[in-house]
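The values are calculated or read from the model by the stated rules, or taken from the named source; none is laboratory data. Quick caveat, the model's predicted, so the values are computed rather than measured. All Cβ positions, glycine included, derive from the backbone under ideal geometry; neighbour counts span all protein chains shown. Areas reflect the complete protein model, heavy atoms only, side chains present, ligands, DNA and RNA absent. Shrake-Rupley method; radii C 1.70, N 1.55, O 1.52, S 1.80 Å.
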Amino acid sequence: MLGLIGRKLGMTQVFDERGVLTPVTVIKIEDNQVIDERNEEKNGYKAVVMGAVDKKASRASKPYAGQFKNGPPKSVLVEMRDFEGEYEVGGTLGASLFKDVTFVDITGTSKGKGFQGVMKRHGFSGGNKTHGSKFHRGLGATGMAATPSKVHKGTKMPGRMGADKKTVQNLRVVKVDEERQFLLVKGAVPGPRKGIVMVKKANKK
Amino acid sequence: MDLVQAVEAEQMKENADNFRIGDTVKVHFKIVEGQTERIQIFQGIVLSMKNTGVRKTFIVRKMSYGVGVERVFPVYSPRIDRIEVVRRGRVRRAKLYYLRKRVGKAAKVNELIRRRDQIKKAGE
C-alpha cells in the first residue's frame with residue numbers, strides 16, 4: 001500500500017489539451033514524516049507510522065511526545081499497513097510517491113450535518129405534501145405489535161448525521177505537482193476545506 | 001485557497017476576454033475531426049458573460065437562416081484559438097437577453113461610436 005496524509009484545499013476545474021473540463025479537488029500533501037515502523041517480530045504485522053502537521057511541544061502529553069524521536073510532535077498520526085514504497089525512519093515522504101499512480105482512494109471525515117430527519121439521513125421517501133395528506137416527513141412505523149413488542153436495534157431513525165469517516169474509492173489522479181506538493185484528483189472528496197484526508201493508492205484498481 | 005487559485009491562474013490566458021457585452025465577435029473555435037483539426041468561425045453578438053475564474057463563459061447569439069442560434073463558450077478553453085472583435089456595441093445592460101424576443105431590425109445593437117482619443121484611452 002502507498003499512502004500519505006494530505007489536506008483538502010478546495011475544488012476547481014481544469015482543462016485538458018482537448019478542451020474537456022474536469023472537476024478536480026486540490027489536495028495539499030503535508031510534510032509527511034516517517035515516525036516509526038512496525039515489524040513482524042515485535043508487533044505481528046508490518047506497517048509504517050506516519051505523522052504530519054506540527055503540534056506545539058507544550059501541548060503534547062509526554063507519552064505522546066515520546067514517540068517523536070526526530071523533531072517536534074505531529075498532530076496527525078497514522079499507521080499505513082504493508083507500505084510498498086521506500087522509506088527510512090525519520091525521513092520525509094512527498095507527493096512524488098504518487099508519480100506513477102493513476103487511481104487513489106481518499107479517506108476523510110465528512111461534513112457534519114447535525115440532527116437530521118429520516119428523509120435526509122436515510123433517504124426515506126416521506127408522504128404527500130398536499131391532497132389532504134397528514135403524513136409529510138415523518139418516519140412512519142418503527143416495528144411490529146405485541147410480538148416482538150420492542151423496536152429492533154439498528155432501526156433507521158432521526159439523529160446525528162455526517163462527521164463520519166468516509167472513503168471515496170477510485171478517484172483518478174489528474175496531476176501530481178512535486179514542486180508545490182499537491183495532487184489534483186478528479187471528483188469530490190469527503191470533508192470540509194482544510195480538512196485532513198488520507199490519500200492511498202487505489203485498492204481495487 | 002491560494003493553491004486553488006494558482007491552479008486556476010495557470011490555465012487563464014491573458015487578454016482572453018478583450019471584448020464587451022454587445023460586441024459582435026468572431027470566435028475561432030478548433031474542431032477535432034478524427035485526426036485532423038480545423039478552425040470554425042462562429043460570428044455573433046455577445047449576449048452575456050457568466051461565472052468567474054477558469055469557469056468564465058460567454059454566450060454568442062447569431063441568426064442562421066432565420067433561426068436564432070446561441071453558443072456558450074468557456075473563455076479560457078484551449079479550443080478557442082482567438083476571439084476577434086468585429087464591431088463594438090453600445091448597450092446599457094450586462095445581459096442582453098431581451099434580444100431573444102426581438103425580430104428583424106429591432107434585434108440589433110447600435111454600434112459604439114467613439115472619438116479617436118477615447119479609443120486611445122481604452123487602449124485598443
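Entry for region A:153-205 at q = 0.23, 0.24, 0.25, 0.30 Å⁻¹: log10 I(q)/I(0) = -1.04, -1.10, -1.15, -1.38, Debye formula applied to identical alpha-carbon scatterers, no solvent contribution.
Each label was represented as a point 7 Å from its Cα along the Cα-to-Cβ direction; for A:Glu86 and A:Ala188 these points are 4.0 nm apart.
From the C-alpha coordinates alone, can you work out the Kirkwood hydrodynamic radius of region A:77-193, in Å? For region A:77-193, inverting the mean 1/r across all distinct Cα pairs yields 18.9 Å.
I want to verify a result. In a Gaussian network model of chain A, Cα cutoff 10 Å, which of these has the top mean-square fluctuation: A:Arg81, A:Arg160, A:Arg18? Judging by the Gaussian network model, the answer is A:Arg18.
Counting only protein heavy atoms, probe 1.4 Å: which residues of region A:1-39 lose 40 Å² or more of accessible surface in the full assembly compared with their chain by itself? Residues losing area: A:Leu9, A:Thr12, A:Gln13, A:Phe15.
If each Cα of region A:114-161 is one equal point scatterer, what is log10 of I(q)/I(0) from the Debye formula at q = 0.14 Å⁻¹? Each listed q maps to, in turn, -0.43. Note on B:Val32 and B:Arg90: the model spin-label points, each 7 Å out from Cα along the C-beta direction, lie 4.5 nm apart. Pairs with C-alpha atoms separated by more than 24 Å, drawn from the list A:Lys156/A:Lys194; A:Lys175/A:Lys204; A:Lys56/A:Lys165, are A:Lys156/A:Lys194; A:Lys56/A:Lys165.
How large is log10 of I(q)/I(0) for region B:69-124 at q = 0.12, 0.19, 0.28, 0.30 Å⁻¹ when the intensity is taken from the Debye formula with one equal scatterer per alpha-carbon? Debye intensities relative to I(0), on a log10 scale: -0.45, -0.99, -1.18, -1.22. Gain on full extension, evaluated as 0.36 nm per residue between A:Asn203 and A:Ala57 minus their Cα-Cα distance, stands at 49.0 nm.
Between A:Lys69 and B:Arg55, the FRET efficiency estimated from the beta carbon spacing at R0 = 51 angstrom works out to 0.60.
Give the separation of the Cα centroids, region A:1-67 to region B:54-124, in Å. When both Cα centres are located, 49 Å separates them. Probing with 1.4 Å while keeping every protein chain in the model, the per residue accessible area of chain B equals 67 Å².
Is there a simple number for the mean count of other chain Cβ atoms within 10 Å of the Cβ of residues in B:72-84, and what is it? Shielding by partners across B:72-84 averages 2. Taking the accessible area of region A:114-161, probe 1.4 Å, and keeping the other protein chains in place, the carbon and sulfur fraction comes to 55%.
Between B:Ser77, B:Ser48, B:Ser64, the Gaussian network model of chain B with springs among Cα atoms under 10 angstrom shows the greatest mean-square fluctuation at B:Ser64. Panel values: the protein assembly as shown, Kirkwood radius from alpha carbon pairs, Stokes-Einstein at 10 °C and 1.306 mPa s, translational diffusion coefficient 63 µm²/s. When the Cα convex hull of region A:32-77 is projected onto planes of every orientation, the mean area is 3.3 nm².
Each peptide in A:84-94, B:30-40, A:164-174 gets a packing score, the mean of other Cβ atoms within 10 Å over its residues, and the list from highest to lowest is A:164-174, A:84-94, B:30-40.
In region B:1-15, the residues that give up 20 Å² or more of accessible area when the other protein chains are added, compared with the chain on its own (1.4 Å probe), are B:Met1, B:Leu3, B:Val4, B:Val7, B:Glu10, B:Gln11. The fraction of accessible area contributed by carbon and sulfur in region B:7-65 is 47 percent, rounded to a whole number (1.4 Å probe; ligands and nucleic acids excluded).
Taking both sides together, the accessible area buried where B meets A is about 1400 Å² for a 1.4 Å probe.
The residues of chain A expose, per residue, 61 Å² of accessible area to a 1.4 Å probe. Calculated FRET efficiency, A:Asp31 to B:Ala16, Cβ-Cβ distance, R0 = 41 Å: about 0.65 to the nearest 0.05.
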